[in-house]
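Novice: So that we are looking at the same thing, I have put the structure below in structure tokens.
Each reported figure results from applying straightforward, stated rules to the coordinates on display, with no laboratory input. None of the values given here were measured: they were computed from a predicted structure. Note that each Cβ is placed from the backbone with ideal geometry, even for glycine, and that neighbours are counted across all protein chains shown.
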Amino acid sequence: MSDIIYTMLHLHPAIYVPNSVPTPRYTTRPNSPAPSSSSDPGPSTPHALEPEEIAHEKWERRKKILRPAIRVLLAILAVAGGIILPSFESVMALLGSGFALVTVVMVPIWAGAELWGWTWYAAFCCGLSGVVAVVGIVTSFWPTGTV
């Protein structure tokens, strides 16, 4: 969930590349090592930061604070939801039984079968996991104490 929020808010780490830097079409390697220069230019002078680079560095520092804050906020919201909602275990059972089984088992089997062709065991595993997902969803909302 946090990765989705990071993407929506553009909080993933980024590297600043100025517009003045040319993008090479292709990279070539020298046949032999470049001869070393006998004259030492001395310590390199730091370049002056452009306003866009300063703004980028400032935004990157804010991102380093916002990413952990979002993770902590999501954990707090999950605990608050468990306290506030009377049947939070049913919601968690639905997430665990239905959606997790579909995303962890069925989607990879389906993708592999679409790439390399359907076989009998891919169809069987996909069908079996679909049945198990439906049974898990039904039992997650089954009234307690009736079995």
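Novice: Looking at region 76-90, which of the residues that are small (Gly, Ala, Ser) and within 17 Å of residue 1 (Cβ to Cβ) is surrounded by the fewest Cβ atoms within 10 Å (Cβ to Cβ)? Let's see the steps before the verdict.
Specialist: Pass one, region 76-90, residues small (Gly, Ala, Ser): 78, 80-82, 87, 90.
Narrowing the set further to residues that are within 17 Å of residue 1 (Cβ to Cβ) leaves 78, 80-82.
Working: 78: 12, 80: 10, 81: 12, 82: 12.
Of everything passing the filter in region 76-90, 80 is surrounded by the fewest Cβ atoms within 10 Å (Cβ to Cβ).
Novice: Name the single residue that is nearest to residue 14 (Cα to Cα) among those in region 50-78 being under 22 Å from the mean Cα position of the chain (by Cα) and small (Gly, Ala, Ser).
Specialist: Checked region 50-78; the qualifying residue nearest to residue 14 (Cα to Cα) is 69.
Novice: Return the residues of region 94-128 that are outside any helix (DSSP H, G or I) and exposed (fewer than 12 other Cβ atoms within 10 Å of the Cβ); say none if nothing qualifies.
Specialist: Keep residues of region 94-128 that are outside any helix (DSSP H, G or I), which gives 117-119.
Selection gives 117, 119.
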